[in-house]
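Heads up: the structure comes next, in structure tokens.
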Amino acid sequence: MTNDPVNQFEYQKYFDKLVVFTRSLQRIREAKSYSDFISEIETNLDEITPFLFYKFYGINEDQKSLKIISELGPDELTIDLNMVQWSLSNDGPSLIPFQTPIDENIKANILIPVVGAQPFGVICLWVDYETSGFNIYIALALKMLAQEVASSFSLMNLTNKIKEQRDFMECIIASVPSGLFATKMDGTIVSINSNAEILFNVNRKEVVGKPYMEVFPEKIASTIYTLRINAERTGGVSETEVEYEFSQGNILYLGINASIIYSESGEKLGYVIICRDLAISREVVKLRELDAMKNDFVSLVSHELRTPLSSIISYTELLLTPGMVDSPEESNEFLNIIFQEGHRLARLINDILDLSKSESGKMDYIFAPQDINSIAKQSLRSSKPLAEKKNIELQEVLAENLPEVSCDIDRIIQVYLNVLSNAIKFTPEDGLIIVYTRLVTVENKKFIQVEIKDNGCGISEKDYDKVFNKFEQVENVESHSSGTGLGMPICKNIIEQGHGGRMFIKSELKKGTSMFFELPV
Amino acid sequence: MDSFDVRNRIEAIEELPTLPVVVTQILQATKSMATNANDVGDLISSDQSLTVKVLKLVNSPFYGFPQKIKTITHAIVILGFSKVKNIVLAASVFGMVKQPKNSTISLTDLWEHALTTGIVCRQIAKHRNSGVDIEEMFVAGLLHDLGKVIIICNLPDICTAISENVRKKDCLFYEAENEILNFSHDKVGVWLAEKWNLNPALIEGIKCHHDPLAARGDKEIAFTVHAGNVIARALDIGSGGDNKIPILNAKVAEELGLNVPAIDKIMGEVLIEIEKAKDFFDLIHSQN
């Protein structure tokens, strides 16, 4: 047959036609937009066969109803659903005799099934010819066109699905309440969420595709580099904390971790790096600690308040009960106890109020230039009766020519008395307490330092902190006192928060304690 | 008996089955892209009995067109050239030879098996959706046992010997052929198909339906016909000269995606299609 010169010529003609047509079909696949895609379909149809009208029906998922994808023809021109369903069961186009009063030129209708992995629809052409116009080339070309359209549809569906999934993933990444970005194995950034953009003051468009080393602050970049090396070595997650100056004077504590992204087949694809602001988690830890402290405080306070209160109540009850008091002396003694416990209660309440005021910074201070030595002398005088009870000697070693300091005299006396009474409490009988004053220089600043030194039981270094904790009293004291446990914390607050000074302790078990406080000159 | 001997005998047969001239012309015409519906329509219409058969078949539920197709040219434009060409082939082959007297194998049974195989192949191709013409698959299935037709009709002595062997050994017709002839009906079928100038893909289907992995050209068609034959035998419609079901080649099954559930599904669908193809079966009966 190929030896037949006429046929050979004919073959060549159709072959050339098909080559051109295949190229033209390519434009359907390469359409940049949906409207381009549709118009390319129309152009290609026109190249295959002349037609009067055209409608592209999509079949809905129920396979029982149609929707118009595109059309070029009067609305009243429609096609029977049965025909569409029949056409979809074929794998090629059909020309069906068709007559309509809408347009008398219409002689037939070409149905071209568009079927990919699932049926998409039917392209319908109304033509002015009957059987004679329909040859094998037209049938073949229309079939090729339908296959092209179907595969483009499949591709569009796939692209949409991929886009949907990608969008979903991006939403997830964007919603992570931390800075997050991913890099390839070579460190090129492939994805970054908005938190990371804000955190490192970068713009997604500018950083994607660049190595993170060039984009992030040096400190962060080198931290990530170390994390990457560690993650690579361990094959797992590597984590660290870093201080990062987010903006001028605004330091963030970042928890940064890096982990390797593996493909399903176990191939290393890159890294995902997550940066968390630890302030939030630290704040939570701090709040929890505070909450626990508050609970302890409340239970301690109520315990401390109840003790004097129950004394007061029981002695008052005794006094009120007829026949319970033997003599006026005894009733006097009871009244005294009530009086003292009442005072203790008042002291306790004052202390609590003081502490809460000083802690919240609401304590009022009246500053005036004062001579520390004279305050020391005054305080020692006041403490003398207490010391004498235990036959404790009070000495003073006061530096001369000390400058005056600006302070609230009442508060400083309160500190002196508190420290002294503590010293007396924890010093055995016949002990010695010495008050020193001196001028010191700390970090180029001058301070007047007061040291109150006893030779009492002393406390171990690990308990230093307890001295300044509310209601805490060091366990190994030989003589338990009736203190509120609030004195030292209040003093520390007065000196440090109130006067910008410093209060600390030095002690040695069995040898004695030195309590220091310093006020800036 | 060697193959040359048999080939010589076959070549010497004066009444080797031939396709009607009009069918050959139609096959020829549908190879040209310039051929239009009227050209083919005129060819078919020139044969009155063919026209009647074709019109009956195109209107059968097998093609499911919602309206009545009244003319051959309409049948061509509505169903397409490929379908009509194959309808013409089917309508012609069923009656091309007459059953010899005392034959051990019924031609009616053989054609029923062939038609069933064609329907199975078409159904497999529908599922594959690999771009091949499903109607071509139908014809490939329909013609795969062409060699057996010649053995039955033109070599009755050999046919009897083979049937005897099948009965004695309880084996496949194909195996019995190989024992007696050193070759089998697939080869005979190829000789005839070549004589008929059928296209190479169809010949590959005939040639390799028992040995699909030997296919060199169109593997899709060889694999499909092999599987189609096995499934048709499993459906037990018609007969291929023995009572056995050939083994489905595992690689073919894998390539075509024919696992047990898929085969099950196809068998179910084929039974429905066979119901629709009643006009084809009727044609076999009226012709034989």
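The values are calculated or read from the model by the stated rules, or taken from the named source; none is laboratory data. Quantities reported herein were computed from a predicted structural model and do not represent experimental measurements. In this analysis, Cβ positions are derived from the backbone assuming ideal geometry, glycine residues included, and neighbour counts consider all displayed protein chains. For accessibility, only protein heavy atoms count, side chains too; no ligands or nucleic acids. Shrake-Rupley method; radii C 1.70, N 1.55, O 1.52, S 1.80 Å.
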Next on the checklist: So for the stretch A:407-420 (the condition being open to solvent by less than 60 Å² (accessible area, probe 1.4 Å), touching a residue at least 24 places away in the same chain (Cβ under 8 Å), within 18 Å of A:GLU518 (Cα to Cα) and not in a helix (DSSP H, G or I)), does at least one residue qualify?
Outcome noted: yes
Item to check | Unmet criterion (only one of (1) modelled with pLDDT of 85 or more; (2) within 14 Å of chain B (Cβ to nearest Cβ); (3) not in a helix (DSSP H, G or I)) for A:ILE69 | outcome: (2)
Checklist entry - Could you count how many residues in the stretch A:166-207 are in a strand (DSSP E or B) and either more than 22 Å from the chain's Cα centre (by Cα) or aliphatic (A, V, I, L, M) (or both)? => result 7
Checklist entry - When A:LEU81 is evaluated against the numbered criteria (1) in contact with a Lys or Arg (Cβ under 8 Å, 6 or more places away or on another chain); (2) at pLDDT 90 or above; (3) open to solvent by 30 Å² or more (accessible area, probe 1.4 Å), which criterion, by number, is the only one it fails? => result (2)
Checklist entry - Only one residue in A:SER222, A:SER281, A:SER263 is at pLDDT 80 or above, under 23 Å from the mean Cα position of the chain (by Cα) and of a type in the set (S, T, N, Q). Which one? => result A:SER222
Item to check | Selection status of B:ASN102, in the same structural domain as B:HIS144 (by TED's automatic domain parsing) and either open to solvent by 40 Å² or more (accessible area, probe 1.4 Å) or modelled with pLDDT of 90 or more (or both) | outcome: yes
Checklist entry - In the stretch A:139-170, which residues are within 11 Å of A:GLY116 (Cα to Cα), in contact (Cβ under 8 Å) with a residue 40 or more places away in the chain and within 14 Å of chain B (Cβ to nearest Cβ)? => result A:ALA146, A:GLU148, A:SER151
Checklist outcome for this item: The number of residues in the stretch B:123-177 that are at pLDDT 90 or above, open to solvent by less than 10 Å² (accessible area, probe 1.4 Å) and under 19 Å from B:ILE266 (Cα atoms) is 8
Checklist outcome for this item: When every residue in the stretch A:336-367 that is of a type in the set (A, V, I, L, M) and more than 17 Å from A:ARG306 (Cβ to Cβ) is compared, the one most open to solvent (accessible area, probe 1.4 Å) is A:ILE366
Checklist entry - Just for the stretch A:87-132: of the residues that are touching a residue at least 24 places away in the same chain (Cβ under 8 Å) and aromatic (Phe, Trp, Tyr), which one is nearest to the other protein chains (Cβ to nearest Cβ)? => result A:PHE98
Next on the checklist: Any residue in the stretch A:17-43 that is without any contact (Cβ under 8 Å) to a residue 60 or more places away in the chain sitting within a Cβ distance under 6 Å of a residue that is hydrophobic (A, V, I, L, M, F, W, C)? List the pairs, counting only those 6 or more apart or interchain.
Outcome noted: A:GLU40/A:ILE28; A:GLU40/A:ALA31
Checklist entry - How many residues, within the stretch A:301-352, are under 17 Å from A:GLY487 (Cβ atoms), in contact with a Pro (Cβ under 8 Å, 6 or more places away or on another chain) and modelled with pLDDT of 85 or more? => result 1
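To keep it simple, each residue is scored yes or no on (1) within 30 Å of A:GLY255 (Cβ to Cβ); (2) open to solvent by 100 Å² or more (accessible area, probe 1.4 Å); (3) acidic (Asp, Glu); (4) free of Cβ contacts under 8 Å to residues at least 60 places away in the same chain.
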position	(1), (2), (3), (4)
A:LYS286	yes, yes, no, yes
A:ASP291	yes, no, yes, yes
A:LYS294	yes, yes, no, yes
A:LEU300	no, no, no, no
A:LEU305	no, no, no, yes
A:SER310	no, no, no, yes
A:TYR315	no, no, no, yes
Checklist entry - Does B:ALA114 fit the bill of being modelled with pLDDT of 85 or more, in contact with a helix residue (DSSP H, G or I) (Cβ under 7 Å, 6 or more places away or on another chain) and within 14 Å of chain A (Cβ to nearest Cβ)? => result no
Checklist outcome for this item: Conditions (1) hydroxyl-bearing (Ser, Thr, Tyr); (2) buried (at least 23 other Cβ atoms within 10 Å of the Cβ); (3) away from chain A (no Cβ under 14 Å) -> B:SER46 fails only (2)
Next on the checklist: Looking at A:ILE261, A:ILE173, A:ILE220, A:ILE274, can you tell me which residue is open to solvent by less than 20 Å² (accessible area, probe 1.4 Å), among the β-branched types (Val, Ile, Thr) and in contact (Cβ under 8 Å) with a residue 12 or more places away in the chain?
Outcome noted: A:ILE220
Item to check | Scope the stretch B:236-278; condition within 30 Å of B:VAL88 (Cα to Cα), open to solvent by 30 Å² or more (accessible area, probe 1.4 Å) and assigned to a helix (DSSP H, G or I); matching residues | outcome: B:ILE263, B:LYS265, B:MET267, B:GLY268, B:GLU269, B:LEU271, B:ILE272, B:GLU275, B:LYS276, B:LYS278
Next on the checklist: Checking the conditions here, which among B:ILE69, B:ILE78 is of a type in the set (Val, Ile, Thr), open to solvent by less than 10 Å² (accessible area, probe 1.4 Å), within 10 Å of chain A (Cβ to nearest Cβ) and assigned to a loop (DSSP other than H, G, I, E, B)?
Outcome noted: B:ILE69
Next on the checklist: Residue pairs, Cβ under 6 Å, 6 or more apart or interchain, first in the stretch B:18-43 and within 9 Å of another protein chain (Cβ to nearest Cβ), second assigned to a helix (DSSP H, G or I) and aromatic (Phe, Trp, Tyr). List them.
Outcome noted: B:THR30/B:PHE81; B:MET33/A:TYR14; B:MET33/A:TYR137
Checklist entry - Mind checking which residues of the stretch B:133-160 are outside any helix (DSSP H, G or I) and touching a Ser or Thr at 6+ places or on another chain (Cβ under 8 Å)? => result B:ASP133, B:HIS144, B:ASP145
